[in-house]
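Q: Here it is: the structure, laid out below.
The values are calculated or read from the model by the stated rules, or taken from the named source; none is laboratory data. Quick caveat: nothing in here was measured; it's all calculated off a predicted structure. In this analysis, Cβ positions are derived from the backbone assuming ideal geometry, glycine residues included, and neighbour counts consider all displayed protein chains. What goes into the accessible areas is simple: the full protein's heavy atoms, side chains included, and nothing from ligands, DNA or RNA. Shrake-Rupley method; radii C 1.70, N 1.55, O 1.52, S 1.80 Å.
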Amino acid sequence: MQKAAVLLGLQWGDEGKGKIVDVLTPQYDIIARFQGGPNAGHTLEFDGIKHVLHTIPSGIFHSNVLNVIGNGVVIDPIIFQKELQKLEDRGVAYQNRLLISRKAHLILPTHRLLDAASEAAKGAAKIGSTLKGIGPTYMDKTGRNGLRIGDILEDNFDLKYNELKDKHLKMLGQYDFPFDLNAMESEWLSSIQFIKKLQIIDSEHYLDQALKSGKKILAEGAQGSLLDIDFGSYPFVTSSNTVAAGACTGLGIAPNRIGEVFGIFKAYCTRVGSGPFPTELEDSIGEAMRKEGNEFGSTTGRARRCGWLDIPALKYACMINGVTQLYMMKADVLSIFKEINICTSYQWKGENIDYFPYDCQPHQLTPNYITLPGWNQSLTDLQDEKDFPAELKGYIQFIEKLMEIPITLISVGPDRKQTILRQP
Ligand code: GDP
Ligand code: IMO
Ligand code: MG
């Protein structure tokens, strides 16, 4: 039987998952998103046009490939409808190639309000959430109160919706947080009507049959491993399992039917929102990285924090995920530097350690760096590994040696074509 492949981010999100899923899609029959929701922003560029997807899997631009939104995903009907409208405006016929799990949970307008109220109440200790209602929605899922896509087809949907809304309104009453629900609610209810016309399926059965009949599936992750609810820098994390195991629970694919795990990382690090970030550069180098890498959030537009590559963090992510191949993104951004640092361990409480400690607060870890020579030349037109500057080859080999996992893809620009496959 075929095994499904998984593609996921190894850092704090925005590694370039959308781009690579789009690049790999022609090799697959089905692209299936397994967790997260509109907190994600997955960017694809081809033919001079840039697309940002939030809920829709990144295989949607290929006409003969099916895209599944799995049970692990949370859907905001308003954002989802807008995304689909954008596809329609660009002439993408998504209707026959988009399937939605009956078991995916719905983000209500009041979930968004609760997210905003909770963040406002936390003040300086806020998570820096995307304010899309992700935390409250997953809380209702695990608290066994949530509404699912399948519910919108039931006769008692209005009743269920009103019950949950009333519960949320009581909770909102505990915050000093003004809001106006009416406009949000009418738009939301109209988007629910729109979603009813889409293909809603039992996706776990569908994917099971697909694997049995030899179809190739690529599971697409959102966020990154260091934002995972269990293994990320808690509490500065998202509310889902972003790691490879999330593909099993978020799609209903059994662990022994997962094959390759493609782990994506940037040649440096970024993080948006609060929380520890050992290699963060709060200086002109970090500023230059942000500018060169255009490091501004695809979903919120917020400036992303930037820093050097963090090997202990990357190793941890590879361990949790069982990564079989590494993909290195945005190598071109480092072209501006004469020298490049890589963090290989940390100093913590007077000791050298090579792991992320449990009770680490922001700014408590001091990275130990190795400095490598930069290549200091543009990479964006390269098409073949043999043309890589020697310093880039050195950078790749250095990382491979530390990671003990082959780097089989190098990305040198945002376009589909700026992708180089390599033989380790
Ligand atoms: P995702 O959330 O993992 O899909 O990543 P995002 O789309 O949020 O952020 C990645 C950003 O980097 C997007 O703006 C991409 O267009 C861009 N990008 C992807 N790969 C490369 C690359 O190799 N070089 C450069 N310069 N930009 C890239
Ligand atoms: P993609 O899929 C980067 C971050 C937020 C915040 C924390 C919790 O594009 O890589 P949430 O709204 O999930 O409750 O926010 O997680 N975050 C992301 N950062 N990329 C993402 O998605 C993210 N999704 C959430 O900034 O720190
Ligand atoms: Mg993103």
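Q: Hey, could you check the stretch 300-312 for residues that are within 12 Å of ligand 2 (Cβ to nearest atom) and part of a loop (DSSP other than H, G, I, E, B) and say which is modelled with the lowest pLDDT?
A: THR300
Q: I would also like to ask the following. Quick one: which residue in HIS54, HIS62, HIS42, HIS111 is at pLDDT 95 or above, surrounded by fewer than 19 Cβ atoms within 10 Å (Cβ to Cβ) and either out of contact with any Phe, Trp or Tyr (no Cβ under 7 Å at 6 or more places or on another chain) or not aliphatic (A, V, I, L, M) (or both)?
A: Going through HIS54, HIS62, HIS42, HIS111 in turn, just one is at pLDDT 95 or above, surrounded by fewer than 19 Cβ atoms within 10 Å (Cβ to Cβ) and either out of contact with any Phe, Trp or Tyr (no Cβ under 7 Å at 6 or more places or on another chain) or not aliphatic (A, V, I, L, M) (or both): HIS62.
Q: With the requirement that a residue be β-branched (Val, Ile, Thr), within 11 Å of ligand 2 (Cβ to nearest atom) and either surrounded by fewer than 18 Cβ atoms within 10 Å (Cβ to Cβ) or part of a loop (DSSP other than H, G, I, E, B) (or both), what does the stretch 129-161 give you?
A: THR130, the sole residue that qualifies.
Q: Let me ask something else about it. Pick from the stretch 178-208 the residues that are without any contact (Cβ under 8 Å) to a residue 24 or more places away in the chain and charged (D, E, K, R): which of them is farthest from TYR161 (Cα to Cα)?
A: Looking at the filtered set, the residue picked out is LYS197.
Q: While we're looking at this one, here's another question. Which one of GLU260, GLU287, GLU282 is touching a strand residue (DSSP E or B) at 6+ places or on another chain (Cβ under 6 Å), modelled with pLDDT of 95 or more and open to solvent by 10 Å² or more (accessible area, probe 1.4 Å)?
A: Every option except GLU260 fails the conditions.
Q: Right, another one. If the requirement is being away from ligand 2 (no atom under 16 Å from the Cβ), open to solvent by 30 Å² or more (accessible area, probe 1.4 Å) and among the aromatic types (Phe, Trp, Tyr), which of these qualifies: PHE356, PHE337?
A: It is PHE356.
Q: Residues that are away from ligand 3 (no atom under 16 Å from the Cβ) and polar (S, T, N, Q): find the strands (runs of 3 or more DSSP E) completely inside the stretch 345-424 holding 3 or more of those.
A: 366-373
Q: In addition: Given the options LEU211, LEU218, LEU169, LEU164, name the one that is closer than 30 Å to LYS3 by Cα, assigned to a helix (DSSP H, G or I) and touching a residue at least 40 places away in the same chain (Cβ under 8 Å).
A: None of the others qualify; the one that does is LEU211.
Q: In the stretch 221-245, which residues are of a type outside the set (Gly, Ala, Ser), more than 8 Å from ligand 2 (Cβ to nearest atom) and either part of a helix (DSSP H, G or I) or open to solvent by less than 10 Å² (accessible area, probe 1.4 Å) (or both)?
A: LEU226, ASP228, THR242, VAL243
Q: Would you mind stating whether LYS315 is under 23 Å from LEU421 (Cα atoms), among the charged types (D, E, K, R), within 27 Å of the chain's Cα centre (by Cα) and at pLDDT 95 or above?
A: When the stated conditions are applied, LYS315 passes them.
Q: Please go through the stretch 14-39 and give me each residue that is open to solvent by 10 Å² or more (accessible area, probe 1.4 Å) and either acidic (Asp, Glu) or away from ligand 1 (no atom under 14 Å from the Cβ) (or both), ordered by number.
A: Scanning the stretch 14-39 gives ASP14, PRO26, GLN27, TYR28, ASP29.
Q: Let me ask something else about it. In this structure, is ASP208 under 23 Å from the mean Cα position of the chain (by Cα) and of a type in the set (D, E, K, R)?
A: no
Q: Out of all the residues in the stretch 403-424, which are more than 21 Å from the chain's Cα centre (by Cα) and open to solvent by less than 50 Å² (accessible area, probe 1.4 Å)?
A: MET403, ILE405, PRO406, ILE420, ARG422
Q: Here's another thing I want to ask about it. Restricting the search to the stretch 253-299, which residues are in a strand (DSSP E or B) and basic (Lys, Arg)?
A: Of everything in the stretch 253-299, those that are in a strand (DSSP E or B) and basic (Lys, Arg) turn out to be LYS266, ARG271.
Q: So, one more: Can you name the residue in the stretch 118-128 that is over 22 Å from the mean Cα position of the chain (by Cα) and closer than 21 Å to ILE229 by Cβ and, of all such residues, is surrounded by the most Cβ atoms within 10 Å (Cβ to Cβ)?
A: If we take residues in the stretch 118-128 being over 22 Å from the mean Cα position of the chain (by Cα) and closer than 21 Å to ILE229 by Cβ, then SER118 is surrounded by the most Cβ atoms within 10 Å (Cβ to Cβ).
Q: Going through ILE311, ILE285, ILE253, ILE264 one at a time, which residue ends up being among the aliphatic types (A, V, I, L, M), in contact (Cβ under 8 Å) with a residue 24 or more places away in the chain and in contact with a Cys (Cβ under 7 Å, 6 or more places away or on another chain)?
A: It is ILE311.
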